[in-house]
Amino acid sequence: MNKIQLLALILAIYGWINLILLLVKKGLYHYLCQKALNQIHVKGLDFSTTKTGFQSRKYFKCQMSLPGIWRTVGQHIDLKGRSLLDVGAGKGFTLFEAMAEPFKKVAGVEINTDLAKVIHKNFALLGIPPILIFEQDCLSLEQQLDEYDLFYFFNPFNRGVLSQFLEHLNESFNRKPRAISIVYFYPVYDTLFKKYGYSRQVVIKMHPFLGLTKLGQVHVFEKTIKSGSSVPHQSVEKDLTPGL
């Protein structure tokens, strides 16, 4: 066997190993999600994974975050009194889990009106009061962003759209200075945040095996009014009334 053949063999083995690991990770991911859903004994719920294409040529993924994300994140940052906006809410699983936490306000953004309808249907089946869902492109939000100080991403869009949204968020920060936290699950573009003035506060591994890669990681970024200082969050009663 010459050097070229040996190199080809090594590359082939490397490729197969990566493929096997990818299949194992995805299989484990879906198993954990399905296991969590099986514990919710309500007929008609739809938190399934779907893929949807739009005429805008943007490609969006509707996925479930790993179960227990807010319980885990809450061990690292204070959620009490925070106003949460789920950017790319999908079918609402992350919003559903947020209902068990002491947020002041919870809302979502979902450009796909069909998925937004699924959120409302799921919440009705679960007996949860309706929450505000912005059924529009996240880049069309302006002053609405000023009402929130914690944003959740599950890798909802590409690098270009994420950059534009962070620019919009900086404009909101300038209009209404406040401490802003971003909880970023599956942080593919985590290196982008420093450019917009965010510092990485913590890296959370959601699962011992999946946490070895970004698929099982949550990165929390924060932007504060003064470098090195944080604005305290006032403790308030839980308020999930739409639009408040």
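All of the numbers you see were taken from the coordinates with simple rules; none came from a lab. Quick caveat: nothing in here was measured; it's all calculated off a predicted structure. Here Cβ is always computed from backbone atoms with ideal geometry, including for glycine, and neighbour counts include all displayed protein chains.
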Kindly flag which residue pairs out of Lys80/Lys205; Lys80/Lys121; Lys117/Lys226 have an alpha-carbon separation exceeding 29 Å in this structure.
Lys117/Lys226
Stretched out fully, how many nm does the piece from Met1 to Arg159 gain, at 0.36 nm a residue minus the Cα gap?
52.5 nm
Let's test the formula: R0 of 25 Å, r as the Cβ-Cβ distance of Val202 and His120. What FRET efficiency results, to the nearest 0.05?
0.15
Considering only segment 50-223, what is the antiparallel percent among its DSSP beta bridges, to the nearest 5?
50 percent
Neighbour-count order for Met1, Met206, fewest beta carbons within 10 angstrom listed first
Met1, Met206
With x for Gly and Pro, the residue-by-residue ³J(HN,Hα) of segment 181-189, computed from phi through the Karplus equation 6.51 cos²θ - 1.76 cosθ + 1.60 at θ = phi - 60° and given in whole Hz, is 10, 10, 9, 10, 8, 6, x, 4, 10
What is the list of residues in segment 93-109 whose amide nitrogen lies under 18 Å from a point 7 angstrom out from the Cα of Asp78, following Cα to Cβ?
101-105
The residues Arg71, Arg82, Arg200, sorted from fewest to most surrounding Cβ atoms within 10 Å, come out as Arg71, Arg200, Arg82
Once you place label points 7 Å from the Cα toward the Cβ at Gln143 and Ile10, how far apart are they in nm?
6.2 nm
How would you classify segment 50-223 from its alpha-carbon gyration tensor, with a ≥ b ≥ c the square roots of the eigenvalues: rounded for a/c under 1.5, else prolate if a/b is greater than b/c, otherwise oblate?
rounded
